[in-house]
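The values are calculated or read from the model by the stated rules, or taken from the named source; none is laboratory data. Just so it is clear, the model here is predicted, and its values are computed rather than measured. Because the Cβ atoms are built from the backbone with ideal geometry, glycine has one as well, and the counts that use them run over all protein chains shown. Just the protein is used for accessible areas: all its heavy atoms, side chains included, with ligands, DNA and RNA removed. Shrake-Rupley method; radii C 1.70, N 1.55, O 1.52, S 1.80 Å.
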Amino acid sequence: MRIGVDIDGVVSDSYRAWVRELNQHFGTNILELKNYDMHLDFGVSWEAMGKYFDDNVAHLFDIPQPVAGAKEGIDKLLREGHEVVYVTARSLEEEKHTVRWLEKYKIPYEQILFTSFQCKVEYALQWKLEIFLEDYLGNAQAISEAGIHVLLLDASYNKGELPSGITRCQDWREIIKEIRKRSFYPQSASM
């Protein structure tokens with residue numbers, strides 16, 4: 001299968017690291033995000049949040065750890081013959097930071113598509129992705145409506161009922177299990 005994989009919140013545990021940094025910068029004490037649009041939780045404008053990220057991009061993209069099980073899950077998918085195409089909202093200007101982080105944690109990559117916060121649907125359709133791993137509910141719904149099944153990695157900011165075409169996964173073990181259901185690999189193989 002050709003699998004689309006988001007980076008932040010799916011492979012990189014970005015939001016946990018960013019919340020710590022943002023609390024320090026803005027003098028807040030946010031424990032977890034309730035909104036994917038972080039500026040809402042921190043009570044600042046989109047512009048103020050954007051400026052902070054622009055001014056600190058190298059640091060902010062370097063500090064997160066991988067999401068638990070992400071590297072092992074991606075390694076397993078590749079060993080089983082799947083193709084992984086990263087589709088990120090990051091901009092092309094952030095490519096060097098993204099590649100450096102992937103290499104730092106030895107996370108394999110071949111194709112990384114940078115959407116610069118544009119809708120991921122066009123990229124998913126152009127690349128003929130068969131399944132998509134995402135954490136942002138808005139993207140998940142749009143991709144699902146385009147006919148691509150989405151595995152939504154559970155997060156504090158994506159709670160609620162899901163429409164058909166989206167399956168919530170608690171962790172990478174569940175992601176691997178769901179992908180195997182949709183492919184020809186046996187269910188009994190362990191992660």
Residue hits (the range 121-151; without any contact (Cβ under 8 Å) to a residue 60 or more places away in the chain and under 21 Å from Gly69 (Cβ atoms)) are Ala140, His149, Val150, Leu151
Of the residues that make up the range 143-153, is at least one touching a helix residue (DSSP H, G or I) at 6+ places or on another chain (Cβ under 9 Å) and surrounded by fewer than 16 Cβ atoms within 10 Å (Cβ to Cβ)?
yes
Might you let me know whether the range 118-134 holds any residue that is at pLDDT below 95 and either more than 15 Å from the chain's Cα centre (by Cα) or open to solvent by 60 Å² or more (accessible area, probe 1.4 Å) (or both)?
yes
Residue, nearest to Thr98 (Cα to Cα), within the range 26-82, restricted to residues that are touching a residue at least 60 places away in the same chain (Cβ under 8 Å) and among the small types (Gly, Ala, Ser)
Ala70
